[in-house]
1. Pick out the one residue from 223, 249 that is more than 10 Å from the chain's Cα centre (by Cα), within 16 Å of the ligand (Cβ to nearest atom) and touching a residue at least 40 places away in the same chain (Cβ under 8 Å).
2. Return yes or no: is residue 265 open to solvent by less than 20 Å² (accessible area, probe 1.4 Å), within 15 Å of the ligand (Cβ to nearest atom), modelled with pLDDT of 95 or more and small (Gly, Ala, Ser)?
3. If we scan segment 263-284, do we find a residue that is under 15 Å from the mean Cα position of the chain (by Cα) and small (Gly, Ala, Ser)?
4. So if I check each of 140, 72, which one is open to solvent by 40 Å² or more (accessible area, probe 1.4 Å), away from the ligand (no atom under 13 Å from the Cβ) and modelled with pLDDT of 90 or more?
5. Is there any pair linking a residue in segment 300-329 that is of a type in the set (Gly, Ala, Ser) to one that is within 8 Å of the ligand (Cβ to nearest atom) and at pLDDT 90 or above, with Cβ under 7 Å and at least six apart or on different chains, and which?
6. What's the number of the only condition in (1) modelled with pLDDT under 80; (2) within 16 Å of the ligand (Cβ to nearest atom) that residue 208 fails to meet?
7. Kindly establish whether residue 113 is modelled with pLDDT under 75 and either open to solvent by 20 Å² or more (accessible area, probe 1.4 Å) or part of a loop (DSSP other than H, G, I, E, B) (or both).
8. Is it the case that some residue within segment 18-29 is touching a residue at least 24 places away in the same chain (Cβ under 8 Å), surrounded by 13 or more Cβ atoms within 10 Å (Cβ to Cβ) and within 25 Å of the chain's Cα centre (by Cα)?
Amino acid sequence: MTVSRADVLRALELVKLPASGQSLAASGRIGDILVEGGKVIFAIGIDATEASAMEPVRRAAESAVGGLPGVTQVLVGLTADKAPPSAAMQARQQAQRPGPGGAPKPSGVPGVKQIIAVASGKGGVGKSTTAANLAVALSTLGLKVGVLDSDIYGPSMPKIFGITGKPQIVSGRTLAPMEAYGLKIMSIGFLVDEETPMIWRGPMVISAITQMLREVAWGELDVLVVDMPPGTGDAQLTMAQQVPLAGAVIVSTPQDLALLDARRGVAMFRKVAVPILGLVENMSYFICPECGHQSDIFAHGGARHEAERLHIPFLGEIPLAMPIRETSDGGRPIVASDPSSAHAKAYVALARQVQAGLGGAMRAAPRIVIE
Ligand code: ADP
């Protein structure tokens with residue numbers, strides 16, 4: 001049985017707004033309703049200041065629609081045309097008052113010790129490839145690792161890890177993460193088909209990410225690697241505030257333009273007082289597979305100088321290499337599929353730097369052997 005938009009609206013007639021008692025269906029706040037098989041996705045328009053008051057309404061809407069016959073999954077977001085003023089204000093306060101005493105930090109995710117963001121100032125610099133290989137590399141160091149693909153405009157983790165299928169619901173609204181190469185993985189790409197147009201606006205994106213963060217049975221993780229959406233706009237800034245981040249890794253290519261973008265990324269995390277773990281130079285140099293000659297295609301070394309200039313750690317260089325692209329695009333990240341290669345070792349070196357940057361909390365638990 002397929003659910004229709006009219007069925008969804010009928011279910012929403014039973015959800016009332018707290019202030020006026022008006023039904024949500026009649027309130028004019030429901031945006032486009034996307035129905036795909038048993039999946040229903042829509043947004044409730046709110047004023048930015050209403051976000052917490054409307055959260056119970058969002059939940060009620062989800063359970064009302066979730067109860068319709070034929071509905072297997074519901075994703076409802078709150079959407080405001082502008083980022084909440086409090087977010088921008090908090091960011092400004094943080095900038096003026098660095099260190100302790102800034103805006104309250106978002107609460108952590110139970111069972112997850114540290115959350116790190118992998119970010120880039122613009123798309124196409126290899127952020128997702130770096131995030132995936134960094135995650136596998138961290139797990140080779142003995143850590144329990146998860147990956148949250150929050151690049152909602154172009155989720156790439158399903159492809160990079162070669163995962164098909166849908167996450168199962170474990171209880172109520174909680175989803176089980178998918179698994180590959182010993183990692184727990186969650187991506188909006190598992191919930192929405194690749195062809196689905198991304199009609200979501202910034203704040204709804206944030207709501208979807210918060211759900212993926214908090215309503216997934218991550219279990220016990222030493223580190224959750226969040227692949228951020230590219231860029232440094234409002235959505236990214238608000239997200240950096242919503243997720244309790246222990247630190248951020250910025251990925252850049254050596255070109256000046258990308259570095260300029262990377263600089264914006266650094267500034268963004270500084271604004272919200274998230275420690276910068278450092279800068280990675282991706283596609284740094286090219287080693288000819290035939291003759292072994294190294295060519296600095298994009299003026300190699302720019303990121304190292306930039307890191308020095310910005311007083312942030314330089315985490316290392318990842319070469320531009322065909323096997324990295326082939327394995328990443330083929331669903332077998334190189335650290336997992338060819339761990340003894342020089343390329344995999346470059347990612348492991350990066351993982352060690354990140355681990356050191358996060359400090360003792362990320363050390364692997366000692367393995368207890370019972371004989
Ligand atoms: P982003 O997340 O920044 O958009 P991706 O990780 O999706 O970038 O990478 C873009 C493309 O570049 C992909 O085809 C990927 O396989 C390739 N790529 C990324 N890093 C490297 C690298 N070091 N060497 C070769 N290809 C790479």
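1. Testing whether each residue is more than 10 Å from the chain's Cα centre (by Cα), within 16 Å of the ligand (Cβ to nearest atom) and touching a residue at least 40 places away in the same chain (Cβ under 8 Å) leaves just 249.
2. Here the answer is no, as residue 265 does not meet what is asked.
3. Yes, because at least one residue in segment 263-284 is under 15 Å from the mean Cα position of the chain (by Cα) and small (Gly, Ala, Ser).
4. 140
5. Correct list of pairs: 321/343; 328/129; 328/132; 328/160.
6. (2)
7. Against the criterion (modelled with pLDDT under 75 and either open to solvent by 20 Å² or more (accessible area, probe 1.4 Å) or part of a loop (DSSP other than H, G, I, E, B) (or both)), residue 113 does not qualify.
8. Scanning segment 18-29 turns up no residue that is touching a residue at least 24 places away in the same chain (Cβ under 8 Å), surrounded by 13 or more Cβ atoms within 10 Å (Cβ to Cβ) and within 25 Å of the chain's Cα centre (by Cα).
The values are calculated or read from the model by the stated rules, or taken from the named source; none is laboratory data. Since this is a predicted model, take the numbers as computed values, not measurements. So basically every Cβ, Gly included, is an ideal-geometry build from the backbone, and we count neighbours across all protein chains shown. Ligands, DNA and RNA are stripped out before the accessible areas are found, and what is left, the full protein with its side chains, is counted by its heavy atoms. Shrake-Rupley method; radii C 1.70, N 1.55, O 1.52, S 1.80 Å.
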